[in-house]
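Worksheet: the structure to be examined is printed underneath.
Quick note: the coordinates plus some simple rules give every number you see, no bench work behind them. For clarity, every value in this text was computed on a predicted model and none was experimentally measured. Glycine also receives a Cβ, built like all others from the backbone with ideal geometry; neighbour counts cover every protein chain displayed.
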Amino acid sequence: MRAPTMTWDIRGKRVLVTGATNGIGLEAARSLAKQGAKLVLVGRDAAKTARCLADVRASAPGADVSSLLCDFSRQKEARRLAEEVLRRFDRLDVLVNNAGTVFKNRTLTEDGIEATFAVNHLGYFLLTQLLLERIIRSAPARIVNVASIAHRRATMDFDDLFYERGYSLVKAYGRSKLGNVLYTRLLAQKLAGTGVTVNSLHPGAVDTGIWSAAPAWMKPLIAILRRFAFISAEEGGRRIVQLVAGPELSGTTGQYFENGRIVDPAPRARDDALARRLWQESERLTGLKPGAQETDAAKPAAAGTL
Ligand SMILES: NC(=O)c1ccc[n+]([C@@H]2O[C@H](COP(=O)([O-])OP(=O)(O)OC[C@H]3O[C@@H](n4cnc5c(N)ncnc54)[C@H](OP(=O)(O)O)[C@@H]3O)[C@@H](O)[C@H]2O)c1
């Protein structure tokens with residue numbers, strides 16, 4: 001899908017990056033601060049986030065960098081984060097949904113949701129929907145959702161969304177990442193005409209903290225990947241930066257990038273009916289009402305269904 005092309009310069013743009021305290025999120029944050037973006041780092045641990053804030057400021061002297069806290073496994077924290085962003089910042093030019101994780105054993109959040117799905121999919125969905133009006137008002141603007149190639153083997157079973165039967169880390173992770181791609185594509189359709197683009201990406205197989213939670217049987221495979229296939233967190237971070245800052249992508253929306261290039265996602269991720277069903281389910285699970293994010297800027301092209 002192509003949106004009208006607009007000039008894009010990342011300098012001075014307000015960019016919020018979730019999961020900015022490790023791995024590719026931290027590397028992307030460093031790079032974007034150096035390029036002159038006004039950066040908001042979101043972390044979940046206060047001490048670690050403060051360290052990363054100092055680190056990013058040190059690597060980009062004079063840059064406008066601040067931080068906020070949120071544990072995306074708790075919906076009330078995502079709501080508090082959104083309120084804080086709306087209170088503190090008049091504009092939000094780029095939202096990077098990147099915070100992601102895995103769980104060895106099936107875990108339910110305090111909201112009663114399987115934790116991988118809660119953090120990796122509903123975390124993106126809820127924060128984005130709550131900030132959407134502000135993002136639309138800031139247009140031209142961008143939303144970047146960090147998904148994964150793991151979506152390719154995933155299923156979306158609404159009769160057992162939380163894996164009461166047959167949980168595995170790999171299956172739950174894949175489902176959450178399929179959610180990222182489905183959400184991105186449908187959101188892009190709904191945002192047509194607003195000047196806001198939304199794309200998702202697989203950053204590559206990257207040597208980051210996320211692999212440390214893998215079960216014992218995966219460790220030998222990870223060791224081989226680390227030796228022969230993994231790219232560095234810095235390189236993975238550059239894949240995010242490409243989507244955030246690349247002026248050539250001003251008109252690109254609803255796309256999925258793998259290793260820096262636009263490719264078709266899995267057939268299941270292109271199923272519009274599945275995307276609509278997931279959207280409804282995500283609204284239900286987060287307590288968001290359809291149409292709650294209607295704005296003047298979005299009417300009539302995107303109104304009613306945002
Ligand atoms: N690494 C890969 O090969 C790969 C491949 C495909 C996609 N991805 C995606 O890339 C994204 C970043 O992952 P990464 O590889 O950089 O992993 P990482 O090094 O483990 O970083 C993950 C980031 O997410 C944060 N996070 C985790 N759970 C959170 C929660 N409940 N609430 C708030 N923040 C939370 C972490 O916070 P802490 O610093 O406090 O832990 C950290 O900042 C994820 O969405 C992942 O699915 C990674």
Practice task
Quick one: give the max-minus-min coordinate of the C-alpha atoms of region 19-148 along each principal axis, largest first, in Å.
Solution key: 43, 31, 26
Practice task
Find the relative contact order for the chain and round it to a whole percent, using C-alpha pairs within less than 8 Å whose residues are 6+ positions apart.
Solution key: 22
Completion exercise
Among 274, 253, 16, the residue whose Cα sits farthest towards the positive end of the charge dipole of region 14-286 (+1 at Cβ of Lys and Arg, -1 at Cβ of Asp and Glu, taken about the Cα centre) is 16
Exercise for the section: Would you kindly give the portion of the calculated P(r) for region 14-286 that falls above 29 Å, as a percent of all Cα pairs? Expected result: 25
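Where does the longest stretch of the chain lie that holds no GluC sites (Glu not before Pro) found in a DSSP loop with 15 or fewer other Cβ atoms within 10 Å?
Longest gap between qualifying sites, sites excluded: 165-306.
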Practice task
Identify all aspartates and glutamates with a Cα-Cα distance to residue 219 below 14 Å; exclude those on the same chain that are fewer than 8 residues away in sequence.
Solution key: 207
Completion exercise
By Cβ neighbour count within 10 Å, fewest first, 136, 210 rank 210, 136
Handout entry: Candidates 22, 180, 120, ranked by Gaussian network fluctuation over the chain, Cα under 10 Å, top entry
Key = 22
Handout entry: aspartates and glutamates whose Cα lies under 13 Å from that of residue 34, excluding same-chain neighbours fewer than 8 positions away
Key = 55, 64
Completion exercise
About its Cα centre, the chain carries a charge dipole, from +1 on Lys and Arg Cβ atoms and -1 on Asp and Glu Cβ atoms, whose size in debye to the nearest 20 is 340
Fill in the blank from the handout: Restricting to lysines and to Cα separations under 23 Å from residue 38, and discarding same-chain partners fewer than 8 apart, the set is 13, 48
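Which trypsin sites (Lys or Arg not before Pro) in region 16-113 sit in a loop by DSSP (not H, G, I, E or B) and have at most 16 other Cβ atoms within 10 Å of their own Cβ?
Loop-located and lightly packed - 91, 104, 106.
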Handout entry: Calculated [θ] (222 nm, deg cm²/dmol) that DSSP helices of n ≥ 4 give over the chain, each run adding -39,500 (n - 2.57)
Key = -12000 deg cm²/dmol
Problem - Among 40, 181, 263: highest mean-square fluctuation, GNM of the chain, C-alpha pairs under 10 Å - result: 263
